[in-house]
Amino acid sequence: MISRGIKGVGTLISGAILALSAGTVEAKSPDLRLIPSRSITSAECPFEPGAAIAGRVQCGQLNVPENRENLAGKNVTIFFAVVQPEQQIADRDPILFVMGGNGSGLKNLKRQPALAHRLARNNTLIYVDHRGSTPWGKPDMSCAEFPEGLDAADPKADPANVEKCRNSLASKLDINAFGAFEAAQDLRDLRIALGIDRWSVYGVSYGTTIAQRLNFIDGEAIKAIVFDGMSGVESNSFGKSFVLQPLAELLDECAAVKECVSAYPKLQSDLEKAAKALQRRPRNIGGERISNVEFLDQIRLALANPDLRGRIPLAISRAAKQDYEAWRKLANPEANSGSKDPAFTWPSSVCRDEFPRMERSDSNGFPTRSFDAAVVSGARMTSFETYDWARFCPRMGFTTSDPATIAVVKSDTPALFFAGQLDLVTPTYQSIETSRNFSLSTIIEFPLTWHFTLINQPECAAGIMLQFFDRPTAPIVRTCVDALPKTKWVIE
């Protein structure tokens, strides 16, 4: 049976309908508009909750304007799920889970019931399907031509199919009304509709982008915020720091370990020597033409593999002597793994918020090392990470966001940043950039951990997060992080 009308959670939803059927509240937003309270309705959950949370889940929906400047226009339906705490503790604020990727929080709840159980032991936990997410969004921001939405941004994408996709989307939604700022407005409206005065917020990946906007427009209602894999307005993922800083951090990591620095005392100069040689004269290695670009590409991808990371210094040292066998063994077959998703929610954020600002200064102190020109020019995004945004964005009809919606602001909300050492999607330095705009912030880097720390280190990350939400200003006990395995260096 689908959980419905559960005591506590049901009261939260039904009580909100009664208490907030009329009236307005003043938004803490740039334009200081009055936000009309919106009604919510109970809805059947689109999936059967897992055994770990069975009997504790109620779903609902919230209708909001597609365009808040045109209240007579179309509406968007926002689905959400509330997980009742296993044992309620007085004065514990609800936790809002802001999902990344295509933005389907309910999909994460379906896939990760054990994680939800862990987070909802003593706190009410709220998941949301952001506007446009698949498969349950109304409308959903997808088209039949591209089962993987990002394939439309591939340089080889058929322009005719892109045009069909654009027309399909235009027939059901305004493609420029489904970004991170609009999603944050929906979350604020949901808080108001549920009658929640204050909650704690967790955001992951693209969800950090939304959570940052939510803190901007509704920060007074946020007790504390956790960013897992930060992708903030301060960072430029199109800049050279994005590909150079993770490499600088490997060099720093080796330099801090006696056995590594003793074995490879000239690691950076060896890297630059090898890159310069291959830039000047590419080699045929294993039947392929390898220049400084391909050489650095393979090293970069190996940074994200716990079994290969410790082999990189050996590969660099030998490559400087024109021995490339150790470098060949850095090949990472899992580098392009991952599930497909049809939604254009994250691409919308790139086209409207990031790509138009790609030429802005990349001078936040990163990279922390100066590299030879052969490394700087050779370090690039890999082929499967490179999309033709210059064509894709206008082809789809995306326009640049209002600068006010991507403003960099200072905040007094206590903030905790989770960063994975192996994360090349949202490298650690991006957490550092955003943390500078919070008066109270802490960054925890999890050794040998990929993107989405809470999934990859659930026991440790969840424990720290709940500790932080309970007492945001108290020192964080990070014993479990310090106990995680570290890089194992392969010594020549």
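The values are calculated or read from the model by the stated rules, or taken from the named source; none is laboratory data. Just so we're clear, the structure is a prediction, and the values are computed from it rather than from any experiment. So basically every Cβ, Gly included, is an ideal-geometry build from the backbone, and we count neighbours across all protein chains shown.
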- [ ] Might you check whether a residue that is more than 12 Å from F227 (Cβ to Cβ), surrounded by 18 or more Cβ atoms within 10 Å (Cβ to Cβ), touching an Asp or Glu at 6+ places or on another chain (Cβ under 9 Å) and modelled with pLDDT of 95 or more occurs anywhere in region 403-412?
- [x] no
Open item on the list: Looking only at region 104-153, count every residue that is β-branched (V, I, T) and more than 20 Å from the chain's Cα centre (by Cα) and tell me the total.
Closed with: 1
- [ ] Go through region 432-448 and give me each residue that's outside any loop (DSSP other than H, G, I, E, B) and more than 21 Å from T479 (Cα to Cα).
- [x] I432, E433, T434, S435, F438
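Yes or no, residue by residue, for (1) over 24 Å from the mean Cα position of the chain (by Cα); (2) not assigned by TED's automatic domain parsing to the domain that holds T134:
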position: V162; (1), (2): yes, yes
position: N167; (1), (2): yes, yes
position: D218; (1), (2): no, no
position: A248; (1), (2): no, yes
position: A263; (1), (2): yes, yes
- [ ] Pick out the one residue from L71, L150, L115 that is out of contact with any Cys (no Cβ under 6 Å at 6 or more places or on another chain) and modelled with pLDDT of 95 or more.
- [x] L115
TODO: Kindly list, by first and then second residue, each pair from a residue in region 253-267 that is among the acidic types (D, E) to a residue that is exposed (fewer than 14 other Cβ atoms within 10 Å of the Cβ), limited to pairs with Cβ atoms under 7 Å and residues at least 6 apart or on different chains.
DONE: E259/I491
Open item on the list: Please pick out the residue among I225, I210 that is of a type in the set (A, V, I, L, M), assigned by TED's automatic domain parsing to the domain that holds F418, surrounded by 21 or more Cβ atoms within 10 Å (Cβ to Cβ) and part of a helix (DSSP H, G or I).
Closed with: I210
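Can you find, within region 417-430, the residue that is surrounded by the fewest Cβ atoms within 10 Å (Cβ to Cβ) among those that are touching a Ser or Thr at 6+ places or on another chain (Cβ under 9 Å) and outside any strand (DSSP E or B)? Can you show your working first?
Step one: list which residues in region 417-430 are touching a Ser or Thr at 6+ places or on another chain (Cβ under 9 Å), which gives 417-423, 425-427, 429-430.
If we keep only those that are outside any strand (DSSP E or B) as well, we get 421-423, 425-427, 429-430.
Working: Q421: 24, L422: 20, D423: 27, V425: 18, T426: 27, P427: 27, Y429: 22, Q430: 28.
Taking the candidates together, the pick is V425.
Would a scan of region 457-476 turn up a residue that is within 30 Å of D174 (Cα to Cα), surrounded by fewer than 21 Cβ atoms within 10 Å (Cβ to Cβ) and assigned by TED's automatic domain parsing to the domain that holds R121? Explain how you work it out, then say what you get.
Within region 457-476, the subset within 30 Å of D174 (Cα to Cα) is none.
No, that holds for no residue.
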TODO: Within region 138-149, identify whether any single residue is surrounded by fewer than 18 Cβ atoms within 10 Å (Cβ to Cβ), basic (K, R) and out of contact with any helix residue (DSSP H, G or I) (no Cβ under 8 Å at 6 or more places or on another chain), and answer yes or no.
DONE: yes
Task: Residues of region 184-207 classified as among the aromatic types (F, W, Y) and not in a strand (DSSP E or B), total - done: 1
- [ ] Go through region 79-111 residue by residue and tally those that are in a strand (DSSP E or B) and either modelled with pLDDT under 95 or in contact with a His (Cβ under 6 Å, 6 or more places away or on another chain) (or both).
- [x] 1
Task: Extreme residue, farthest from P282 (Cα to Cα), among residues of region 377-391 that are surrounded by 18 or more Cβ atoms within 10 Å (Cβ to Cβ) and either of a type in the set (V, I, T) or modelled with pLDDT of 95 or more (or both) - done: A379
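Going by the conditions given, is F181 in a loop (DSSP other than H, G, I, E, B) and touching a helix residue (DSSP H, G or I) at 6+ places or on another chain (Cβ under 7 Å)? Outline the logic, then answer.
Details: in a loop (DSSP other than H, G, I, E, B): no; touching a helix residue (DSSP H, G or I) at 6+ places or on another chain (Cβ under 7 Å): yes.
Considered against the rule, which asks whether it is in a loop (DSSP other than H, G, I, E, B) and touching a helix residue (DSSP H, G or I) at 6+ places or on another chain (Cβ under 7 Å), F181 comes out as no.
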